[in-house]
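These notes concern the structure reproduced below.
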Amino acid sequence: MDHRNTMKTKAVFLDRDGTLNADSVHYIKSVEEFHLFEFTADALLILTRLGYKNILITNQSALGRDMITVKEFENIHLNLKTAIRRAGAEIHGIYYCPHLPEDNCDCRKPKTGNLKKAIRDFNIDISKSFFIGDSFKDIQTGAAAGCRTIFVRTGVDSPAIKTIESWKPRPDFITENLLEAAQLIECTERSQNL
Ligand SMILES: [Mg+2]
Ligand SMILES: [Zn+2]
């Protein structure tokens, strides 16, 4: 048996805006503008209990555009982690890209720089992991890294998207929201353990 493999952990990579909390076309610039969906804590509790590392992979160009200070940005995540922990769940890591599209960095989704960093930091088995998000970029990112992907219809314009079936890559699953996605992962685990 390969000992290193037995040490590997599984993860659910999560988009932030439109997946955990209501997105805004005007960006999320303050703690006051950050509204967690009512089911997010329950969803993360399911995933935490199943033994997944819950890891945020998020593009936050509002930082690069100087629309939000680093301090306020960190406050949002402090509040987020506290709210999730209060429910008995955990957010294990937050990886964000502060750059603008024209910066051509390797961490802005659909690039996989941040995801690859998380894989190294947590020693993640990508074949046992998922990527959940509300945009095509999330599906591209997850698929490029070799995760199973779940598209959630809670983004600003995702309910109206009719072209998902023709996307390349297509999401492996489509669910209404993060809670349904977590329940789907739970079902997948159960069927594997039969
Ligand atoms: Mg999003
Ligand atoms: Zn970046």
Quiz item: Just wondering, is there one or more residues in region 108-121 that are away from ligand 2 (no atom under 16 Å from the Cβ) and in contact with a strand residue (DSSP E or B) (Cβ under 9 Å, 6 or more places away or on another chain)?
Solution: yes
Quiz prompt | Residue count, region 51-74 (criterion: part of a loop (DSSP other than H, G, I, E, B), closer than 24 Å to Ala144 by Cβ and of a type outside the set (Phe, Trp, Tyr)) | solution = 1
Practice problem: Report, ordered by the first and then the second residue, all pairs with beta carbons closer than 8 Å, sequence separation of six or more or different chains, a first member in region 58-84 that is free of Cβ contacts under 8 Å to residues at least 40 places away in the same chain, and a second member that is among the hydrophobic types (A, V, I, L, M, F, W, C) and exposed (fewer than 13 other Cβ atoms within 10 Å of the Cβ). | Solution: Leu63/Val70
Self-check item: Hey, Ile150 over 18 Å from Ile94 (Cα atoms), crowded, with 24+ Cβ neighbours inside 10 Å, away from ligand 2 (no atom under 16 Å from the Cβ) and modelled with pLDDT of 95 or more or not
Solution: yes
Exercise. Would you mind stating whether Ile76 is closer than 18 Å to Phe34 by Cα and aliphatic (A, V, I, L, M)?
Key: yes
Quiz item: So Asp172 clears everything in (1) exposed (fewer than 14 other Cβ atoms within 10 Å of the Cβ); (2) touching a Ser or Thr at 6+ places or on another chain (Cβ under 7 Å) except one condition, right? Which one?
Solution: (1)
Practice problem: Would you mention how many residues in region 4-49 are in contact with a strand residue (DSSP E or B) (Cβ under 9 Å, 6 or more places away or on another chain) and not small (Gly, Ala, Ser)? | Solution: 23
Exercise. Return the residue satisfying two criteria in turn: it lies in region 125-139 and is away from ligand 2 (no atom under 15 Å from the Cβ) and surrounded by fewer than 23 Cβ atoms within 10 Å (Cβ to Cβ), and of such residues it is nearest to Ala22 (Cα to Cα).
Key: Phe136
Exercise. Considering (1) in contact (Cβ under 8 Å) with a residue 24 or more places away in the chain; (2) within 17 Å of Tyr52 (Cβ to Cβ); (3) out of contact with any Ser or Thr (no Cβ under 8 Å at 6 or more places or on another chain), say which one Ile94 fails and leave the rest.
Key: (3)
Exercise. Have a look at Phe73, Phe39 and point out the one that is surrounded by 15 or more Cβ atoms within 10 Å (Cβ to Cβ) and under 16 Å from the mean Cα position of the chain (by Cα).
Key: Phe39
Quiz item: Any residue at all in region 39-50 that is at pLDDT 95 or above, away from ligand 2 (no atom under 16 Å from the Cβ) and not in a helix (DSSP H, G or I)?
Solution: yes
Quiz item: For region 40-55, which residues satisfy the criterion of being polar (S, T, N, Q) and touching a Leu at 6+ places or on another chain (Cβ under 7 Å)?
Solution: Thr40, Asn54
Self-check item: Members of region 75-94 that are closer than 23 Å to Arg120 by Cβ and in a helix (DSSP H, G or I)
Solution: His77, Lys81
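The values are calculated or read from the model by the stated rules, or taken from the named source; none is laboratory data. Just so it is clear, the model here is predicted, and its values are computed rather than measured. Note that we place each Cβ from the backbone using ideal geometry, even for glycine, and neighbour counts take in every protein chain shown.
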